Amino acid sequence: MLKPGVQSPAIELFDQFEKKFSLKKYEKRKVLVYFYPKADTPGCTQQSCGLRDIASSIGKTAIVGISPDKPSKLLKFDEKFELGFTLLSDIEHVVAKSFKVWKKKSMYGREYMGIERSAFLIDKGVITHAWYKISPKDTPLRLLEALGK
């Protein structure tokens with residue numbers, strides 16, 4: 001697991017508009033990077049909409065969501081819920097693996113690989129907070145708390 005104080009892994013993925021995103025462009029500001037299993041599912045919608053609802057309260061902190069969905073699905077998700085922040089497509093799970101959130105999971109006795117819902121607050125390229133196994137409703141609350149809001 002990644003701990004606070006370590007350098008953030010690199011993030012270079014395509015966003016919902018199929019444009020290349022690089023975390024390096026955000027080196028001078030705080031960024032919340034959150035990983036979610038699948039766009040437009042109940043938990044992921046609750047988490048993303050909760051972050052959307054606090055976006056005006058977090059100053060210049062950027063919000064970036066990452067899932068294994070294709071950019072076209074992310075765009076539909078963004079438009080449907082008017083999220084208004086960057087959603088990244090990690091189809092090959094490269095970034096999820098580097099953040100240690102691509103894990104073996106099980107449901108109804110079936111094992112499979114998937115995203116462990118997690119969030120990371122990054123400041124100037126360094127992880128300041130790491131929340132593994134975070135619940136959808138706690139993500140915006142923990143972000144506000146970490147920012148002193």
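The values are calculated or read from the model by the stated rules, or taken from the named source; none is laboratory data. It should be emphasised that the depicted structure is a prediction, and the values quoted were computed from it without experimental measurement. Cβ placement follows ideal geometry from the backbone for every residue including glycine, while neighbour counts extend to all protein chains displayed.
All but one of (1) at pLDDT 95 or above; (2) under 17 Å from P136 (Cβ atoms); (3) basic (K, R) hold for K105; which doesn't?
Against the list (1) at pLDDT 95 or above; (2) under 17 Å from P136 (Cβ atoms); (3) basic (K, R), K105 comes up short only on (1).
Here is a check on your reading of the model: is K60 among the charged types (D, E, K, R), free of Cβ contacts under 8 Å to residues at least 40 places away in the same chain, touching a strand residue (DSSP E or B) at 6+ places or on another chain (Cβ under 9 Å) and surrounded by fewer than 14 Cβ atoms within 10 Å (Cβ to Cβ)? It would help to see each step written out before you state the result.
On the way: among the charged types (D, E, K, R): yes; free of Cβ contacts under 8 Å to residues at least 40 places away in the same chain: yes; touching a strand residue (DSSP E or B) at 6+ places or on another chain (Cβ under 9 Å): yes; surrounded by fewer than 14 Cβ atoms within 10 Å (Cβ to Cβ): yes.
Spelling it out, K60 is indeed among the charged types (D, E, K, R), free of Cβ contacts under 8 Å to residues at least 40 places away in the same chain, touching a strand residue (DSSP E or B) at 6+ places or on another chain (Cβ under 9 Å) and surrounded by fewer than 14 Cβ atoms within 10 Å (Cβ to Cβ).
Within region 101-149, take every residue that is farther than 14 Å from L32 by Cβ and of a type in the set (S, T, N, Q) and give me the one that is farthest from the chain's Cα centre (by Cα).
S106
Test of understanding: among K76, K80, K105, which residue is in contact with a Gly (Cβ under 9 Å, 6 or more places away or on another chain), outside any loop (DSSP other than H, G, I, E, B) and within 21 Å of P42 (Cβ to Cβ)?
Details: K76 fails: in contact with a Gly (Cβ under 9 Å, 6 or more places away or on another chain); K80 fails: in contact with a Gly (Cβ under 9 Å, 6 or more places away or on another chain).
Residue meeting the stated conditions: K105.
Quick check on region 16-36: of everything there that is farther than 21 Å from I127 by Cβ and touching a strand residue (DSSP E or B) at 6+ places or on another chain (Cβ under 7 Å), which residue is surrounded by the most Cβ atoms within 10 Å (Cβ to Cβ)? First the steps, then the outcome.
So the first thing to find is which residues in region 16-36 are farther than 21 Å from I127 by Cβ, and the list is 16-20.
Now restrict to residues that are touching a strand residue (DSSP E or B) at 6+ places or on another chain (Cβ under 7 Å): 16, 20.
Working: Q16: 25, K20: 8.
Here the answer is Q16.
Can you pull out the strands (runs of 3 or more DSSP E) entirely within region 1-56 that have at least 1 residues that are more than 12 Å from P136 (Cβ to Cβ) and aliphatic (A, V, I, L, M)? If you could, list the steps in order and put the result at the bottom.
Working: elements: 12-15, 20-22, 30-35.
Answer list for region 1-56: 12-15, 30-35.
Scan region 60-75 and tell me whether some residue there is within 25 Å of H129 (Cβ to Cβ) and more than 16 Å from the chain's Cα centre (by Cα).
Yes: one or more hits.
Report, by residue number, each residue of region 84-107 that is surrounded by fewer than 21 Cβ atoms within 10 Å (Cβ to Cβ), over 22 Å from H129 (Cα atoms) and in contact (Cβ under 8 Å) with a residue 12 or more places away in the chain.
Passing the criteria: G84, I91.
Residue under question is I91, and the condition is that it be over 19 Å from E18 (Cβ atoms), not in a strand (DSSP E or B) and not acidic (D, E); does it hold? Explain how you work it out, then say what you get.
Details: over 19 Å from E18 (Cβ atoms): no; not in a strand (DSSP E or B): yes; not acidic (D, E): yes.
In short, no.
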